[in-house]
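A quick write-up on the structure given underneath.
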Amino acid sequence: MSQVQQVELGNFGAQSILGIRTYSGYNDDSVEADALVNGLWVSRQTFQASETNRGVITDMSGCRLSGSVYLTNTTIQDPSTCSTITCDANGVATAVSDCGPTERCRGDGSCALNFVCSVTGSTIIDFSGRLNSVPDRCGYSLLSSPSLPGLQVMGVLKERRRRDMSFLDQVILSLDGNLISLEQGGRVKLDGRDLLLNSDPQLFHGVELSKDQADVKAKITASNFTVTVVFDGSTATIHLTGPNGATFQGLCEDSATTLSQVRVSQYSAADCNTIYADAADNSINCTNTAQWCGVLQTTPFDTCNSNIDPQPFISACSETLCKYPSQDGLECQFLEAYAEACRLHSSVRVEGWRMPTSCSGVQRAACQSCSSHEFCGLDTHSQKLRCHCRAIFASKYKPTGSFGEPLVCEKKSASVVLANCLLEDESIDYTTLHLNDQTCKGEMDNVTHMVTFGFDTERPCGTLIMANDSQIIYKNAIMTKSATSGAIVRHEKLHVDFSCYLSQPEVKSLAMRFKHSSVIQHVSSGEWSYNLTMKAFTSSDLTTQLDERSELDLNQQICVELKTEGLDGNAVSVVTDSCWATDQPSPTGNLRYDLVKNGCPNPIDETVKVTGNGQGTSNHFCFNTFQFSGRNSEVFLHCRVELCIKQGDNCVQRCSLGRRRRRSALPRYEDRNPALISVAWMF
């Protein structure tokens, strides 16, 4: 015969009544019995429900807690939860943990350390829940311990949009000399080498590493301790478990520690502790930010409030958002930090909070790679992630409207280096920029993200060469590619003129006896420089140079070479305009004898020969030595040298063979500041 059973549960306070009603197709005698079940007296009573059915009611009196039943008026120890459980006469059960607030039950009745430290923004919430802020941009020790020899967890802070506020930028694990760097965008480096990670843990030098999107997890187990570090590019949560009795150092142990005692010089720039004071952001409503941060005390975060005190996180949130613009997902960062601390410390998952707080669509910092002067954040126009200039870096350029470093004129080249993050701040795409020659574009450095534009003698890129009263100027420009007629553009236009110039050396007289054989004058023109050298030789092929042992006789032929180094010989020539001798160091001495005049030999002196004048970056002339009548003193030689822009052979000096005069006028330039260089000889 079939039988149907129905189970009914009636819950009255802490007591429960379990009623089981059994129906059968036959009658039976009434049965009453008492029995001891799991320490509880269970009373069973059978009654007649009808002529054909009977029922059984079972009464179980006691306490229920977390799925377990306890006898009234009893107290027991539960080793699985390290708790003392009391069931009172009214059937109310209470449990008191035998572990402290910073301990965790091992499941065998013993307690172990259970610390959690949160570093978010510039704030540090240490193992004891104390809150402090770091005011600078240095590297600091977060955790170390004699019980964990060889291990140190460090954090490096840097500024973002404001100079006076820092954010955690990098977490470094040092383990027995091996360095593991957790960086923005989920990048992980081992001793400077990039690691490719996924959600499956991989072991590197005793450290388990895994990655889930932008979240990187590092886990170290040693000496019965377990240290877990989770870094999402903005917040680092450090969880530590292990036996009692250990001592720890670092800001996670005591966030109020004197910063100089835990600063790590290896990761601290020389000026990292410089304090800045930027103007307040008047658009921020601190009352609204405080209300926003207070959500940590409401559902669903309140499920963890008894395990992790939300007040330090609320304070950190309020202090930061009251001063720093709510950008780059910052308003959600502190909520994420609290939820992660709950998960690691108490295994409590705070769920269902992203949608109500509009944090479900927040993009995590996952730029491909930002340089040391950049950080990853949302673009205000496109709302896409990109690398932004850090505030201190940008402050060097923005006040003057500059986009990068000063012009560099070096030897035969010129270059301009622009910061791509400054260009992007103005919605300028560096790939649309070019020089006068549109084929000459900027080159991006993949590490620094600096863009270099330049030209040299091999690739002039449309450089214009011009002259004024005292300079020869090389001019070019960085400009935006011209759009075709009727096309639309969404990028700002840019036009940056830049030029390097060569100026004549200062007009001054340098005197030296020929026994010293040469004189050199260094010429600086803005950022370009060159050397002008005068040397004396006893041979017309310029192979035998006068030295300290050389002796000169009257009417002995000597040759003087005027040579430059550092000039572009394809664009500029050196012209010796005039050379003359005086009886004193001053080029304006009373006694004067001309050797070269207007670029040609003096026609009254047949011993003077000029070679290569205006043809390149050097020339020379020869003559026979002499002295002034009635004088036994030194003879001083002075030369006036000019630079000429080459246009064909316009700089070449054409002199008559007979009378040694120019066939044509001076080339098309006028230099009002020529070089004057002098030497002397003595008999």
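The values are calculated or read from the model by the stated rules, or taken from the named source; none is laboratory data. Remember, it's a predicted structure, so these values are computed and weren't measured experimentally. Heads up, the Cβs are rebuilt from the backbone with ideal geometry, glycines too, and the neighbour counts pull from every protein chain shown. Please note that ligands, DNA and RNA were not included when accessible areas were found on the heavy atoms of the full protein model with its side chains. Shrake-Rupley method; radii C 1.70, N 1.55, O 1.52, S 1.80 Å.
Brief remarks on what is shown
- If the chain linking residue 444 and residue 278 were pulled fully straight, counting 0.36 nm for each residue of separation and taking away their Cα-Cα distance, it would gain 56.6 nm.
- Pairs with C-alpha atoms separated by more than 31 Å, drawn from the list 211/481; 411/481; 384/411, are 211/481; 384/411.
- Set of lysines with alpha-carbon distance to residue 323 below 22 Å, sequence-local pairs under 8 removed: 158, 398
- Modelled spin-label separation between residue 381 and residue 357, with each label point placed 7 Å from Cα along the Cα-to-Cβ direction: 3.2 nm.
- Length gained when the stretch residue 557-residue 190 is fully extended (0.36 nm per residue, less Cα-Cα span): 125.0 nm
- Cα-Cα over 21 Å, subset of 189/396; 563/597; 396/441; 412/646: 189/396; 396/441
- Quarter the surface of the alpha carbon convex hull of region 186-322 and you get the mean projected area, 12.4 square nanometres.
- Surface composition of region 544-623: carbon plus sulfur atoms contribute 41% of the solvent-accessible area (1.4 Å probe, protein chains only, all chains present).
- Length-normalised contact order for region 306-442 - Cα pairs under 8 Å, 6+ apart - percent: 12
- Residues 92, 188, sorted by accessible area with the largest first, give 92, 188 [1.4 Å probe; ligands and nucleic acids excluded].
- Dividing the C-alpha radius of gyration of region 111-267 by 2.2 N^0.38 Å, with N its residue count, gives 0.97.
- Theoretical FRET efficiency, 1/(1+(r/R0)^6), r = Cβ-Cβ of residue 469 and residue 102, R0 51 Å, to 0.05: 0.05
- Across the alpha-carbon set of region 254-336, the Rg to Rh ratio works out to 1.06, Rh being the Kirkwood radius.
- One decimal place: the segment residue 260-residue 531 gains 92.6 nm when fully extended, by the rule 0.36 nm per residue minus the C-alpha distance.
- The loop-placed chymotrypsin sites (Phe, Trp or Tyr not before Pro) in region 227-316, going by DSSP, that have at most 16 neighbouring Cβ atoms within 10 Å of their Cβ come out as 276.
- The residue 397 and residue 269 beta-carbon pair, evaluated with R₀ = 22 Å, returns a calculated FRET efficiency of approximately 0.70.
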